[in-house]
1. Going by the structure shown, is residue 44 open to solvent by less than 30 Å² (accessible area, probe 1.4 Å) and without any contact (Cβ under 8 Å) to a residue 60 or more places away in the chain?
2. Hey, can you tell me all the residues within the range 2-44 that are among the hydrophobic types (A, V, I, L, M, F, W, C) and farther than 19 Å from residue 102 by Cα?
3. Just give me the residues in the range 71-86 being over 11 Å from residue 101 (Cβ atoms), at pLDDT below 95 and open to solvent by less than 90 Å² (accessible area, probe 1.4 Å), in sequence order.
4. Would you be able to tell me the number of residues in the range 67-85 that are under 16 Å from residue 106 (Cα atoms) and assigned to a helix (DSSP H, G or I)?
5. Tell me, yes or no, whether the range 10-17 has at least one residue that is open to solvent by 50 Å² or more (accessible area, probe 1.4 Å) and either at pLDDT below 90 or assigned to a loop (DSSP other than H, G, I, E, B) (or both).
6. State yes or no: is residue 28 surrounded by 14 or more Cβ atoms within 10 Å (Cβ to Cβ), more than 15 Å from residue 81 (Cβ to Cβ) and not aromatic (Phe, Trp, Tyr)?
7. Go over the candidates 64, 38, 54 one by one and state the one that is surrounded by fewer than 21 Cβ atoms within 10 Å (Cβ to Cβ), aliphatic (A, V, I, L, M) and in a loop (DSSP other than H, G, I, E, B).
Amino acid sequence: MLSTDSDILATAEAWKREGRGVAVATVIETWGSAPRPVGSHLVIDGEGNFLGSVSGGCVEGAVVSEAADVIESGKAKTLSFGVADETAWRVGLSCGGRISVYVEPLA
């Protein structure tokens, strides 16, 4: 079961209060078929713990990895993912969908 947006954002606040470095990833745009809609969130801490979902598969792993850089640098970034239909399922984007994810540090 996926966590609700309020659960995800409450967890981000709690982790920040605990003194953890935290980043929030948000799906900001989709094209074609995408596993998660615009507005979906994933919260990540500096140790690689996470809650929520922006896609699944390799895309989610890449977002968690990039979030570590965002936490370290304090600078937000936009990530784009898209694949051809024949490789879509392998990386977690069904039917060749494309997504953009905005990853920002929680200040």
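1. yes
2. Result: 2, 14, 15.
3. Passing the criteria: 82, 83, 84.
4. 7
5. Within the range 10-17, none of the residues are open to solvent by 50 Å² or more (accessible area, probe 1.4 Å) and either at pLDDT below 90 or assigned to a loop (DSSP other than H, G, I, E, B) (or both).
6. It is false that residue 28 is surrounded by 14 or more Cβ atoms within 10 Å (Cβ to Cβ), more than 15 Å from residue 81 (Cβ to Cβ) and not aromatic (Phe, Trp, Tyr).
7. Being surrounded by fewer than 21 Cβ atoms within 10 Å (Cβ to Cβ), aliphatic (A, V, I, L, M) and in a loop (DSSP other than H, G, I, E, B) holds for just one of 64, 38, 54, which is 38.
The values are calculated or read from the model by the stated rules, or taken from the named source; none is laboratory data. Predicted, not measured: the structure shown is a model, and the values here were computed from it. Note that we place each Cβ from the backbone using ideal geometry, even for glycine, and neighbour counts take in every protein chain shown. Side chains included, ligands, DNA and RNA excluded: accessible areas come from the protein's heavy atoms. Shrake-Rupley method; radii C 1.70, N 1.55, O 1.52, S 1.80 Å.
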